[in-house]
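Right, one structure below, let's go through it.
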Amino acid sequence: MYLCYINNEFVNPELNPEKAMLPISDLIIQRGVGVFEVIATHKSKALMLTPHLERFINSAASSGIENIPDIDFMKNIIREGIAKVDKPLRIKA
């Protein structure tokens, strides 16, 4: 199962692919600017979550990306997403 968090909601892209798409105006499409982290889970807990998200925020800021979400907001979203999927995950933030 795949699960995306986009536009302030969780979306299953297999069931609603149109809701899991980025707009053509997104910088990752317009300019090829984007960063991501892959976070593993074990027993429904994200491993090394804070260091991953700190690196994500620093990379985004140094790439000129604006409106970076707060680290606590991202932690809450990730934990909420983990709770929705009952299996080991790889989270792409």
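The values are calculated or read from the model by the stated rules, or taken from the named source; none is laboratory data. Remember, it's a predicted structure, so these values are computed and weren't measured experimentally. Cβ placement follows ideal geometry from the backbone for every residue including glycine, while neighbour counts extend to all protein chains displayed. What goes into the accessible areas is simple: the full protein's heavy atoms, side chains included, and nothing from ligands, DNA or RNA. Shrake-Rupley method; radii C 1.70, N 1.55, O 1.52, S 1.80 Å.
Between the alpha-carbon centers of the range 1-22 and the range 38-59, tell me the distance in whole angstrom. Measuring centre to centre over Cα atoms gives 21 Å. Report the local net charge at Leu49: Lys and Arg +1, Asp and Glu -1, summed over other residues whose C-beta lies under 9 Å from its C-beta. Result for the local shell: +3. Per-residue ellipticity at 222 nm from helix content only, as computed over the chain with -39500 (n - 2.57) for each DSSP H run of at least four residues, stands at -10500 deg cm²/dmol.
Annotation: for a label point projected 7 angstrom from Cα along Cα→Cβ of Asn76, residues of the range 1-15 with backbone N closer than 20 Å are 4-11. Computed over protein heavy atoms with a 1.4 Å probe, the carbon and sulfur contribution to the accessible area of the chain reaches 53%.
Each of [x] 1.09; [y] 0.96; [z] 1.06 is a candidate for Rg/Rh (Cα atoms, Kirkwood Rh); the one calculated from this structure is [y].
Add +1 for every Lys or Arg and -1 for every Asp or Glu among the other residues with Cβ under 12 Å from the Cβ of Val35, and state the total.
Values: positive: Arg55, Lys92; negative: Glu37.
Neighbourhood net charge equals +1.
What the chain shows is 73 Å² of accessible area per residue, with the surface traced by a 1.4 Å probe over protein heavy atoms. Which links in Lys43/Lys75; Lys45/Lys92; Lys19/Lys45; Lys45/Lys84 stretch past 19 Å when you go from one Cα to the other? Lys19/Lys45, as the Cα separations exceed 19 Å there.
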